[in-house]
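Below: the structure, in structure tokens.
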């Protein structure tokens, strides 16, 4: 009897871990030039390749416990930055930023990963 109870507790614990990852999703995302009042001020898909800074805004929903997401900034498929951000509630807004150099013109994207490394979203943009 005790063995069955322990087995149920172990299985239940595993299901709980997968439920958090399975329910976590990106409800809103954008590349923006600034964040004000925890919201993006604009949504861009192209931006001049110059000395500057852009932000990746994400609104994460579905977390049943404290977890994290990671923003992976990619330039032409090569990782340029990785920022792990806490997620502390069922509806959580967060952002990361990246400074750019003029020679980094080309295709970019930010991949949003859950705590286990699963891709939740991909946000493409171009520096021209």
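The values are calculated or read from the model by the stated rules, or taken from the named source; none is laboratory data. Note that the structure is predicted; figures quoted are calculated from it, not measured. In this analysis, Cβ positions are derived from the backbone assuming ideal geometry, glycine residues included, and neighbour counts consider all displayed protein chains.
Key figures for this structure:
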| read-out | value |
| --- | --- |
| Residue in segment 11-24 that is modelled with pLDDT of 95 or more and surrounded by 13 or more Cβ atoms within 10 Å (Cβ to Cβ) present | yes |
| Pair list, Cβ under 6 Å, 6 or more apart: segment 34-63 residue in contact (Cβ under 8 Å) with a residue 12 or more places away in the chain, other residue buried (at least 18 other Cβ atoms within 10 Å of the Cβ) and not in a strand (DSSP E or B) | 62/24; 63/24 |
